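Before any comments, here is the structure.
The values are calculated or read from the model by the stated rules, or taken from the named source; none is laboratory data. What you are looking at is a predicted structure, and each value in this text was computed from that prediction instead of being measured. Here the Cβ positions follow ideal geometry from the backbone for every residue, glycine too, while neighbour counts run over all protein chains shown.
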Amino acid sequence: MPRTHLVTSAALAALLAGAAAPAVYAGAVGAPTVSSLLAASGRALKDQHGVHLVLTTDRKGVRSSAVADIGRSAGHESYTSGAERFDVAVTTKAAYLSGSPSGLRSLMGLNAAQAAKVGAKWIVMKKGSTQYKEFWLNLTAKGFGAILPSAKGTRLLGVRDATTGGYQLRWTTPKSATASASTTTLVIASGSRALPLRELVAASGATSLTVFSHWGESVRFPRPSATIAYAKVFG
């Protein structure tokens, strides 16, 4: 998966089970380097209040998508895979989860009885809980820095991105016990602000593309009217 810190269904399932779970600037004119691009992008990201992103994944012919708005004090993501769906959100007071019955079971790991309790409601996770802390990191600007790789092992390609004209950074992540090896290409805009524009991740049998837009947007999420406490679902 991309380094955008969007919460994956596996990570969410672990949390619910109670487990702990760009334009170039500043010295990069003419001949940017990996270090200058990452430094410029890091500075630009610190000034951002929000972003809209769309993530599409194809894993062995099965397509899924996530649409998210990530801000300073709130964030919201909608994930869809076929008929299965879930929504997650976070505010300064609580985190929330809802979904289709099949999505809650297949993607979130709820059993039939737990999914029935939730129904059309949103599960509420209080501020301070493990689940809340993870959602806050993944769905707010706090996690923007995780978009960028380390300079070590990252190279700057000699050609610009054909779609955006931005600079392309590429690195490889080795195989682990839980994931296959992957190659990531991150596009950083070539202008006055070094903001990420696109990220493509390719692994064995799977690809995912994240498109970033509306940098600086203000994100809000109103408290859902129909809710159920986390303890009532999993207690």
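Could you list all residues from region 190-209 that are of a type in the set (A, V, I, L, M, F, W, C) and surrounded by 16 or more Cβ atoms within 10 Å (Cβ to Cβ)?
Those that are of a type in the set (A, V, I, L, M, F, W, C) and surrounded by 16 or more Cβ atoms within 10 Å (Cβ to Cβ): 194, 195, 197, 200, 201, 203, 206, 209.
At pLDDT 95 or above and within 28 Å of residue 122 (Cα to Cα): does that describe residue 213?
The answer is yes for residue 213.
Within region 130-168, can you find the residues that are of a type in the set (Val, Ile, Thr) and over 12 Å from the mean Cα position of the chain (by Cα)?
Selection gives 130, 154, 159, 163, 164.
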